[in-house]
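Colleague: I am attaching a structure below and will ask some questions about it afterwards.
Here, each number is a calculation from the coordinates, and none is a lab measurement. Please read all numbers here as calculations on a predicted model, not as lab measurements. Cβ coordinates were reconstructed from backbone atoms using ideal geometry, including for glycine residues, and neighbour counts include every protein chain displayed.
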Amino acid sequence: MPSERRVLRCAVYTRKSSEHGLEQDFNSLDAQREAGEAYIKSQSHEGWKLIRAPYADGGLSGATMERPALQRLLADIAARLIDVVVVYKVDRLTRSLADFAKLIETFEAHGVSFVSVTQQFNTTVGQSISVGVGLLVERHATPYTGLVTFIVCYFAMFWVAWRFAVRVTEPRAHVRERGEPSAVLLGAYAAADDLWTQSTVLL
């Protein structure tokens, strides 16, 4: 007689830095949660079950851990009420590499898996993820070992994009002095995000 599949309780965490647009009937937080719910539903055959309670921080920066919903999420993790944390994108959870390392340590200590929907990353299983830096990492003993490499690459991408923008915009200072708009900086950050599809990391 086959054993019953374990139920994995999945929490969707969402965040938006500014309060702009939060008054809309369907805002960024709703879109992030919808994507997370859809992903969880797609994994229902693996025993994934959505936790209905929302974990949403609106108008709060990802540079700080002092966010009500995030703290509630961590409290529920400590209480062993969550098995999987699902986010739309890694930077919705945090924009700090140091804080990310702390969060991952907490997740691993409590047996909680981490999923980034749009970056196709899932520590419940070893799988391929895109990082856009031409880096290949072999499968590790634990998914979180590879996740450290992944997140370092992720934050490094934005550093490279920022440095690229500075080097390009400095010679064009005269353009800014004339008050002409420049999309170089924004374009550099967008390009960094697009690079995720150019290579693969195996965890």
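Colleague: What are the trypsin sites (Lys or Arg not before Pro) within region 1-46 that DSSP puts in a loop, where the Cβ has at most 15 other Cβ atoms within 10 Å?
Modeller: 5, 6
Colleague: So what is the relative contact order for region 1-68, in percent, with contacts set as C-alpha pairs under 8 Å and at least six apart?
Modeller: 48
Colleague: I've got another one for you. Only counting other Cβ atoms within 10 Å, I'd like 91, 30 sorted with the fewest neighbours first.
Modeller: Starting with the residue having the fewest Cβ neighbours, the order is 30, 91.
Colleague: Continuing with this model, one more query. Compute the signed sum of charges (Lys and Arg +1, Asp and Glu -1) over the other residues within less than 15 Å, Cβ to Cβ, of residue 35.
Modeller: So the environment of residue 35 carries a net charge of +2.
Colleague: Apply the Karplus parameterisation 6.51 cos²θ - 1.76 cosθ + 1.60, with θ equal to phi minus 60°, to every residue of region 77-91 and state each ³J(HN,Hα) to the nearest whole Hz, in sequence, with x for glycine and proline.
Modeller: Computed from phi, the couplings for region 77-91 are 5, 4, 7, 6, 9, 10, 10, 9, 9, 10, 10, 5, 7, 3, 6 Hz.
Colleague: If neighbour count is taken as other Cβ atoms inside 10 Å, put 34, 66 in order from fewest to most.
Modeller: Sorted ascending by nearby Cβ count, the order is 66, 34.
Colleague: Then there's this: Quickly work out the residue 42-to-residue 79 label distance, labels modelled 7 Å from Cα along the C-beta direction, and quote it in nm with one decimal.
Modeller: 3.1
Colleague: Around residue 62, under 14 Å between beta carbons, what's the net of Lys plus Arg minus Asp minus Glu among the other residues?
Modeller: +3
Colleague: Tell me which lysines have Cα within less than 16 Å of residue 89's Cα, excluding those fewer than 8 residues away on the same chain?
Modeller: Answer for residue 89, where 16 Å is the Cα cut-off: 16, listed by chain and number.
Colleague: A follow-up question, please. With the radius of gyration and the Kirkwood radius both derived from the Cα set of region 1-125, what is their ratio Rg to Rh?
Modeller: The Rg/Rh ratio comes out at 0.97.
Colleague: Once you list every other residue whose beta carbon is under 12 Å from the beta carbon of residue 53, what net charge do they have if Lys and Arg are +1 and Asp and Glu are -1?
Modeller: +3
Colleague: Going by how many other Cβ atoms sit within 10 Å of their own, how do 115, 7, 86 line up, fewest first?
Modeller: With the sparsest Cβ surroundings first, the list reads 7, 115, 86.
Colleague: Compute the distance in nm between two label points, each set 7 Å from the Cα along the Cα-to-Cβ direction, one at residue 109 and one at residue 89.
Modeller: Inter-label distance under the simple model: 3.0 nm.
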